[in-house]
Structure formats: C-alpha cells, structure tokens
Amino acid sequence: MKKIGILVLGIIASTSICVAQGSAGMSPQSPENQLGLGFTAGQPLGAHIAYAITAAIHVGTGVGIQLESNNNVVYFAPYFKLLLKGTKEFKPYLMVNVPIMNGGGTQTTESSTSVSLNIGGGGEYFITPNFGLFGGLSVLSLGLSPTPSRTLIGLLSPYVGIEWFFE
C-alpha cells in the first residue's frame, strides 16, 4: 500500500511540474455538468462514478468487491463532495459518504450488511478541467448498523486517487 501511495505522489509531483512549465496560459478548473470515472487507492472502494452538478458540488458512488475463499464482500458508497474556494487548479473539499458493505461474516456463510456515515475532506488538483488528482481522509465514521456498530473519530482511512470527467 505504501508503494502505491509513493507512486501516486510521484505522479502528482511530476505532473505538477510539467503543468507548471508547459501550460502557463491554461486555466484548469473543476468540471461542471459532466459524468466521470475514478480510481482510489487506500480503501476498499477501488472505483467510483461521479457527476459534477456544478463546479462546487459533485455526487457519485464508490464501488468495490473483495473476493475471499468462502466469503465475498461487496462495497457501495454514495457520496456528496463540496469543493471549496481555492485556486483554479487546487480545490480543498469536504465529503460525506455512506459506505454500505454486504458480506464479511467471519466464519459463516451468512451475509451481513454494515452501514456507516463518513465525514472527511481533502484536496483535488485539476491538471485539466477534466482530469483531477485527489487525496483525503475521514475524520468521523459513525456506525449506523445495529450489529456490529462502531464509531471512529480521528484521522482515519487516508486515500489518494484520480478521476476523469467526460465532456
């Protein structure tokens, strides 16, 4: 996992240098009224589908699957992302998502569903209006499932990722 994080940070740094050197006339910004796809490292939700309602409001859902020998887990996490004022290229954001996990019983074949509410934030760097690199973390994970339910407070689940928006 550390190797993936270092690789993504290296890509971000090298891309930032190239963009700064080669595109002084460009003015990338957050997309608007566009559908997008993305990938995230650092959490089970490996992919997401996004829609930029406005330049400041993005909604979507994360999806993922974990295959085990006797127990598969499916992840689904609808989210709301509010991009805050920043530069044209870099936007800090607040994010709320509701991860839903189905499966994951320990030694039984019974399926269980777990639901929580996550609140966090991060930042996204838009290399172009249609391509962004982001990173963030959750600060509150409130368990909503009756059993098992757990609440976590702190710097939880750091992640990095990329997303493309289609015109």
Taking H as built 1.01 Å from N, whose amide H comes closer than 5 Å to the amide H of A47, not counting residues under 5 places away? T40, V63
Reachable aspartates and glutamates from K85, Cα under 16 Å, same-chain residues fewer than 8 places away excluded? E32, E124
Using DSSP to call loops (not H, G, I, E or B), can you name the trypsin sites (Lys or Arg not before Pro) in segment 27-90 whose Cβ has at most 14 other Cβ atoms within 10 angstrom? K85, K88
For a quick protection proxy, order the peptides 117-127, 49-59, 63-73 by their average other-Cβ count within 10 Å, most packed first. 117-127, 49-59, 63-73
Where the centre of each part is set by its Cα atoms, how far does segment 34-81 sit from segment 114-139, in angstrom? 11
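Readers should treat all values here as calculations from the given coordinates under stated rules, not as data from a laboratory. The structure presented is a predicted model; accordingly, all values stated were derived computationally and were not measured. Note that we place each Cβ from the backbone using ideal geometry, even for glycine, and neighbour counts take in every protein chain shown.
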